[in-house]
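Following: one structure in structure tokens, then a few remarks.
The values are calculated or read from the model by the stated rules, or taken from the named source; none is laboratory data. On a predicted model such as this, the values are computed, not experimentally measured, just so you know. Cβ coordinates were reconstructed from backbone atoms using ideal geometry, including for glycine residues, and neighbour counts include every protein chain displayed. Side chains included, ligands, DNA and RNA excluded: accessible areas come from the protein's heavy atoms. Shrake-Rupley method; radii C 1.70, N 1.55, O 1.52, S 1.80 Å.
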Amino acid sequence: MTENTGRTPAAKTAISPATHAAPPARFSHGVRKGDILQVAGQVGFLPAVAGEPPAVAGPTLREQTLQTLANVEAVLTAGGASWDDVLMLRVYLTDTGHFAELNEIYDDYFKDLTVPPAARTTVYVGLPEGLLVEIDALAVLD
């Protein structure tokens with residue numbers, strides 16, 4: 001049995017920045033419901049070009065991580081959020097040897113924020129060939 005609280009459920013909205021290619025399966029780059037915005041795992045693809053397949057920012061961890069963070073930020077912005085709203089970041093690396101370099105890139109990217117952007121978890125995974133890093137985010141808006 002469910003209780004009627006008199007509250008109307010918040011609508012769920014798909015977020016897909018114009019700079020992003022369509023996802024390779026039936027999911028959204030981000031989903032916002034009420035004050036929650038979940039950013040799907042983003043990778044280092046350059047902004048989409050109509051009629052062209054997605055292109056990776058470059059072969060290095062630095063190039064891919066910076067583009068991946070820009071892609072996460074694009075979804076945050078399209079969903080009405082910013083890095084200040086992010087509570088959790090999950091970073092997926094393909095190589096355990098990249099952990100120290102990732103931390104350097106990450107620290108430099110967020111150096112101007114007074115409060116670190118989020119709690120963070122890093123895990124090691126397999127990604128499609130050529131991709132070194134994937135990042136997702138959870139934001140809560142006021």
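Computed values, structure above
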| quantity | calculated |
| --- | --- |
| Residue of A22, A74, A40 that the Gaussian network model of the chain assigns the largest fluctuation, springs spanning Cα pairs under 10 Å | A22 |
| Of all accessible heavy-atom area on the range 53-142, the percent that carbon and sulfur account for (1.4 Å) | 55 percent |
| Accessible solvent surface per residue of the chain, calculated while the other protein chains remain in place, 1.4 angstrom probe, Å² | 60 Å² |
| Local electrostatic count, Q67, Cβ distance below 12 Å [Lys/Arg +1, Asp/Glu -1] | -2 |
| Equivalent-ellipsoid semi-axes of the range 27-96, from the Cα gyration tensor, Å, largest first | 22, 16, 10 |
| Distance from the range 100-142 to the range 1-75 (C-alpha centre basis), Å | 15 Å |
| Trypsin sites (Lys or Arg not before Pro), loop per DSSP, at most 11 other Cβ atoms within 10 Å - longest free stretch of the chain | 27-110 |
| Over the range 81-138, equivalent-ellipsoid semi-axes from the Cα gyration tensor in Å | 22, 13, 9 |
| Top of L127, L87, L113 by mean-square fluctuation, Gaussian network on the chain, Cα under 10 Å | L113 |
| Sequence-separation-based contact order of the chain, relative, with Cα cut under 8 Å and 6+ spacing, percent | 29 percent |
| Coarse-grained scattering of the range 58-112 at q = 0.19, 0.22, 0.27 Å⁻¹, given as base-10 log I(q)/I(0) from a Debye sum over alpha-carbon atoms | -0.73, -0.94, -1.25 |
